[in-house]
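Scroll down for the structure; my scribbles are underneath it.
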Amino acid sequence: MVSPVRLPGGVVLAAGETVVETVSFMLSLTHFFLKTKLALTNKRLAGQEPNTFLGLVPVGSRTLSFPLTNISAVGTSTKVGILRLLVGLVLLLAGLTNLGDLWLVFLAGAFLLLGAFQAALNVTNNAGQTIDLSISLFSKGEAEDFARQVSTT
């Protein structure tokens, strides 16, 4: 018996479903080791996105599965997390003023500052709800290509 093909997040292919393309994007500049994994089939977009606590600590993932008939638009966007940017700057400056004692504060500030710059793959369903899948700024070009592939499929 043939074992079923598994997509990211443990999603199993249905009968007659074939994989069109699979991609993997870095979550962010600071979380280069965490990947958002997506698979486009002839029937759906499925994947797995890692979660983080306060933008610092990895704490699991969320599994996604969108039927292609329910997707009305796919695109990309960039944003700057203002709160992360401000807190990162404050911690970075606090760590710089007393680097010998506060080097962990400096590192946390640098980590938050780098993580403030984010890109996203946006999937909009027929009801107008948009789901943002976080990706690294360096992966935006590849995400735009993948968004075009989803739109044409």
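The values are calculated or read from the model by the stated rules, or taken from the named source; none is laboratory data. Small disclaimer: the values here were computed from a predicted structure and weren't measured. Here Cβ is always computed from backbone atoms with ideal geometry, including for glycine, and neighbour counts include all displayed protein chains. For accessibility, only protein heavy atoms count, side chains too; no ligands or nucleic acids. Shrake-Rupley method; radii C 1.70, N 1.55, O 1.52, S 1.80 Å.
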(Q) Which order do you get for PHE66, PHE33, PHE146 if you rank them by accessible area with a 1.4 Å probe, largest at the top? (A) PHE33, PHE66, PHE146
Q: Find out how many positive minus negative residues lie around ALA143, taking Lys and Arg as positive, Asp and Glu as negative, among other residues whose Cβ is under 14 Å from that of ALA143.
A: -1
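Could you do me a favour and compute the accessible area per residue for the chain, 1.4 Å probe, result in Å²?
55
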Q) Dipole of the chain (Lys/Arg Cβ +1, Asp/Glu Cβ -1, origin at the Cα centre): which of LEU114, MET26, THR152 lies farthest to the positive side? A) THR152
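Could you work out what % of the accessible surface of the range 103-153 is carbon and sulfur, using a 1.4 angstrom probe and leaving DNA, RNA and ligands out of the count?
60
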Q: Grab the DSSP H runs of the chain that are 4 residues or longer, score each as -39,500 (n - 2.57), total them, divide by all residues and round the 222 nm result to the nearest 500 deg cm²/dmol.
A: -9000 deg cm²/dmol
Q) Quick one: helix 82-97 against the long Cα principal axis of the chain, what's the angle to the nearest 10°, folded into 0 to 90? A) 30
(Q) Using C-alpha positions alone, give me the convex hull volume of the chain per residue in cubic angstrom. (A) 114
Q. What angle do you read, to the nearest 10 degrees and between 0 and 90, between the alpha-carbon axis of helix 140-152 and the longest principal axis of the chain?
A. 20
(Q) Give the lysines reachable from LYS79 as a straight Cα distance under 27 Å; neighbours fewer than 8 places away on the same chain don't count. (A) LYS35, LYS37, LYS140
(Q) Only four residue types carry charge here, +1 at the Cβ of Lys and Arg and -1 at the Cβ of Asp and Glu. Report the dipole size of the chain about the Cα centre in Debye, rounded to the nearest 20. (A) 200
